[in-house]
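Novice: Take this structure first; my questions come after.
The values are calculated or read from the model by the stated rules, or taken from the named source; none is laboratory data. As the structure is a prediction and not an experimental result, all values here were calculated from the model. Cβ sites come from the backbone with ideal geometry, for glycine too, and all protein chains shown count toward neighbours. Heads up: the accessible areas ignore ligands, DNA and RNA and are worked out on the full protein's heavy atoms, side chains in. Shrake-Rupley method; radii C 1.70, N 1.55, O 1.52, S 1.80 Å.
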Amino acid sequence: MSRIAYVNGLYQPVSEARVSIEDRGYQFGDGVYEVCEVLDGDIIDLTRHLDRLERSLAALEIPMPMSRGALTAVFREIGRRNGLTNGSLYLQVTRGVAPRDHYFPARPVRPAIVVVAKRSDQARIAAQAEAGIAAITQPDNRWERVDIKTIGLLPNVLAKEAARRAGAREAFLVDRDGFITEGGSSNVWIVHGHTLITRPASPGILKGITRAGVVDAATALGLAVEERAFTVADALGADEVFVTSATNTVMPVVRLDGNTIGNGLPGPQTRLLRGEFHHHSERTPIY
Ligand code: PMP
């Protein structure tokens, strides 16, 4: 089955889909995105993703390209046309197409929209979750509004590539004061006993949808959640460390900069949360 993308109103094979070289996303990174998990044919936590999309777009003064209902219909249609059961849906909205000029286009242009589906290798993710992943630390040298989910991800790309070259899967970004902000593509959590600790939501982190889901799950399970900043030393001394993202949900981290965390195996709270997470999420069927 050829992969099908939705591009500005058309459903097209990915190999034929085109966007303009004057798309402001291409030239300036002037756009936002969302990634939604798809599990067993259901879109996970779609309402929260659409809420965050609206917040990101509003922050950049880009209008919603279509209603939430129409966007949901496109998501489901792309899911169906790609036969997607497990994986993710990627949505990108840019300010639109205009001759290159830093100022917003003088005459309003229509936002450009792309939706694609991606299948995930469930067995590979399960194996990673079973063993736990390694992470390294990298300086957080991003701008101060990373709560806006923009497509400008160069610092994240460089940090994650450094992680890959070091034999790790995630980069923990560290601010000037030695506190971990978040991962290159995830939120970071540490665990002490039955208490989960994660950095408070602020313009300095992306407020992850999976992060919100873990708060829901933890509350239902009677685990305490503390929102406070923590250092690299705090992470190294924690009982457990994990990261959250829509594509990997709850993923244990067992090594940081070559040091073993806890006993080097995924911890009990991390495993519990990974197992329970989807019992607390909203599900929107594709089929
Ligand atoms: N922080 C960053 C920088 C990310 O790229 C992501 C994944 N998109 C997250 C956090 C986790 O967010 P979510 O749970 O919504 O996927």
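Novice: Rounded if a/c is under 1.5, else prolate if a/b is larger than b/c, else oblate: which is the range 128-170, with a ≥ b ≥ c the root eigenvalues of its Cα gyration tensor?
Specialist: prolate
Novice: Using the basic label-point model (7 angstrom from Cα toward the beta carbon), what is the Thr72 to Val215 distance in nanometres?
Specialist: Simple spin-label model gives 2.3 nm for this pair.
Novice: So, with a 1.4 angstrom probe, what is the percent of accessible area on the chain that is carbon and sulfur? Don't skip to the end; give the middle numbers.
Specialist: Details: 7180 of 13640 Å².
Exposed carbon and sulfur together represent 53 percent of the surface.
Novice: On C-alpha positions alone, give me the angle between the axis of helix 46-60 and the longest principal axis of the chain, in degrees, nearest 10.
Specialist: Tilt relative to the chain: about 70 degrees.
Novice: Just to be sure I follow: if Rg is taken over the C-alpha atoms of the range 125-281 and Rh is the Kirkwood radius over the same atoms, what is Rg/Rh?
Specialist: In the range 125-281, Rg relative to Rh is 0.93.
Novice: So, for the chain, what is the accessible surface per residue at a probe of 1.4 Å, expressed in square angstrom?
Specialist: 48 Å²
Novice: In the neighborhood of His49, defined by Cβ-to-Cβ distances under 12 Å, what is the net charge if each Lys or Arg adds +1 and each Asp or Glu adds -1?
Specialist: The answer is 0.
Novice: Using Cα atoms only, what is the angle between the long axis of helix 154-165 and the major principal axis of the chain, expressed in degrees (0 to 90) to the nearest 10?
Specialist: 50 degrees
Novice: OK, next. With a Cα-only, solvent-free Debye model of the range 182-241, what are the log10 I(q)/I(0) values at q = 0.14, 0.15 Å⁻¹?
Specialist: Taking Cα atoms of the range 182-241 as identical point scatterers yields -0.36, -0.41.
Novice: Still on this model: Using unit Cβ charges (K, R positive; D, E negative) and no other charged atoms, how large, in debye to the nearest 20, is the dipole of the chain about its Cα centre? Before the final figure, lay out each step's value.
Specialist: Numbers: 33 positive and 33 negative charges, 171 e Å.
The dipole of the chain has a size of about 820 debye.
Novice: What angle do you read, to the nearest 10 degrees and between 0 and 90, between the alpha-carbon axis of helix 122-131 and the longest principal axis of the chain?
Specialist: Approximately 30 degrees, to the nearest ten.
Novice: State, to one decimal in nm, how far the label point of Leu154 lies from the label point of Leu265, with both points 7 Å from Cα in the Cβ direction.
Specialist: Once both label points are built, they end up 4.5 nm from each other.
Novice: Okay, moving on. What is the range 1-102 by shape, rounded, prolate or oblate, if you read a ≥ b ≥ c off the alpha carbon gyration tensor as root eigenvalues and call it rounded for a/c under 1.5, prolate for a/b larger than b/c, and oblate otherwise?
Specialist: Cα axes put the range 1-102 in the oblate bin.
Novice: Ok, one more. How compact and how long is the chain, expressed as Rg and Dmax of its alpha-carbon atoms in Å?
Specialist: Final numbers for Rg and Dmax: 19.2, 60 Å.
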